[in-house]
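These notes concern the structure reproduced below.
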């Protein structure tokens, strides 16, 4: 069996991990898988050490280099859009130039923007595809534009609605990371929906909470739809003023980091906040094995960082409705307050920091759950899913 895992680009954050490790683990299961990216950016050069960790030795095919020369020269981002670009639309006409007929048994298309390429490969190469939808485009339009750019919102919503319909029209099935969006997807299509939680690396030994620091940890790819300022609001409300916050990850654009630093200073919390850059998995495991709680206050289609923290025995606080919240029982192996409820999040931190016995029970419970979601488990589940639709 040959599987192509299709992405628009290998952007900083979880993308290299969500592509590289499934391919490596599928190989252990006897499955030949290859990464297919629409466009190549310079992220690998900027963050070589992080990218090499996940993608060294993984075969990657870039479609854009097979596009006509005129399109390669004039590739641009559409006005008013932070991501949607000419190469996405171009893939609807030229993706097949890079792939032979029936070269893959199936394509796993990651997110709606890859549907342009996936549909072209279906039409010209006869390769079926399943599409992995993390968040419906209409949901993201509401999340990003409804309050921030109200004049854009109607346009973004209509465009997102079209894109969602376009993405599912020709696929054989839809994959999601959790069940939160199933009602919305059912409004788009009656095709099968498969749930595929992300994977993680699990620490072999549990670190007791008596040797941990009174530290909150947060890490992710921070962008305009995922701004971590609320972490500072939570830290400010925590009763124990010795509690610190360590935050790391990619910032896109970089100006968001400057804005975050300014916000920390405005709150007078510079001495309690440690800001790091991109984290590799060794750094993540080191941090999460020292921290007492992981905080991710933004609703996510899944929330991989919460699972990664749990794999180190660090319980997570993430809004209810996030896909990863379905794996952890609220109040037992994690906390799932309502999104935006800063007071509730601060109370969760207080509970952890003020009761070490409870914190350790929760940490151990989270660790036991994470053991069922390794990258090998992910590859097995993915293999079982795609076999149904070949």
Next item on the list: Could you look through the range 303-322, keep only residues that are in contact with a strand residue (DSSP E or B) (Cβ under 6 Å, 6 or more places away or on another chain) and outside any helix (DSSP H, G or I), and pick out the one that is surrounded by the fewest Cβ atoms within 10 Å (Cβ to Cβ)?
Entry: 311
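The rows are residues; the columns are (1) touching a residue at least 60 places away in the same chain (Cβ under 8 Å); (2) under 20 Å from the mean Cα position of the chain (by Cα).
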site	(1), (2)
239	yes, no
252	yes, yes
258	no, no
262	no, no
266	no, no
273	no, no
279	yes, yes
293	yes, yes
Next item on the list: For the range 35-54, enumerate the residues that are over 19 Å from residue 220 (Cβ atoms) and touching a helix residue (DSSP H, G or I) at 6+ places or on another chain (Cβ under 7 Å).
Entry: 35, 38, 39, 40, 44
Check: Going by the conditions given, is residue 212 within 21 Å of the chain's Cα centre (by Cα) and in contact (Cβ under 8 Å) with a residue 40 or more places away in the chain?
Finding: no
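State all residues of the range 140-154 that are part of a helix (DSSP H, G or I) and over 19 Å from residue 18 (Cβ atoms); if no residue qualifies, say none. Steps first, please.
Taking the range 140-154 first, the residues part of a helix (DSSP H, G or I) are 140-145, 153-154.
Within the range 140-154, 141, 142, 143, 144, 145, 153, 154 qualify.
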Notebook entry, point to check: Out of (1) out of contact with any helix residue (DSSP H, G or I) (no Cβ under 8 Å at 6 or more places or on another chain); (2) modelled with pLDDT under 95; (3) within 26 Å of residue 222 (Cβ to Cβ), what's the single condition that is false for residue 132?
Noted result: (2)
Item checked: Only listed residue being modelled with pLDDT of 95 or more and in contact with a strand residue (DSSP E or B) (Cβ under 7 Å, 6 or more places away or on another chain), chosen from 327, 295 -> 295
Note to self: I need a count of the residues in the range 155-191 that are surrounded by fewer than 20 Cβ atoms within 10 Å (Cβ to Cβ), part of a loop (DSSP other than H, G, I, E, B) and under 19 Å from the mean Cα position of the chain (by Cα).
What the structure shows: 1
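Here is a yes/no grid of residues against (1) under 30 Å from residue 5 (Cα atoms); (2) surrounded by fewer than 16 Cβ atoms within 10 Å (Cβ to Cβ); (3) outside the structural domain of residue 30 (by TED's automatic domain parsing); (4) touching a residue at least 60 places away in the same chain (Cβ under 8 Å):
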| site | (1), (2), (3), (4) |
| --- | --- |
| 324 | yes, no, yes, yes |
| 332 | no, yes, yes, no |
| 335 | no, no, yes, no |
| 346 | no, no, yes, yes |
| 352 | no, no, yes, yes |
| 365 | no, no, yes, no |
| 381 | yes, no, no, yes |
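The values are calculated or read from the model by the stated rules, or taken from the named source; none is laboratory data. Here the structure is a predicted model, which is why all the values come from computation and not from measurement. Every residue, glycine as well, gets a Cβ built from its backbone with ideal geometry; the counts of neighbours run over all protein chains shown.
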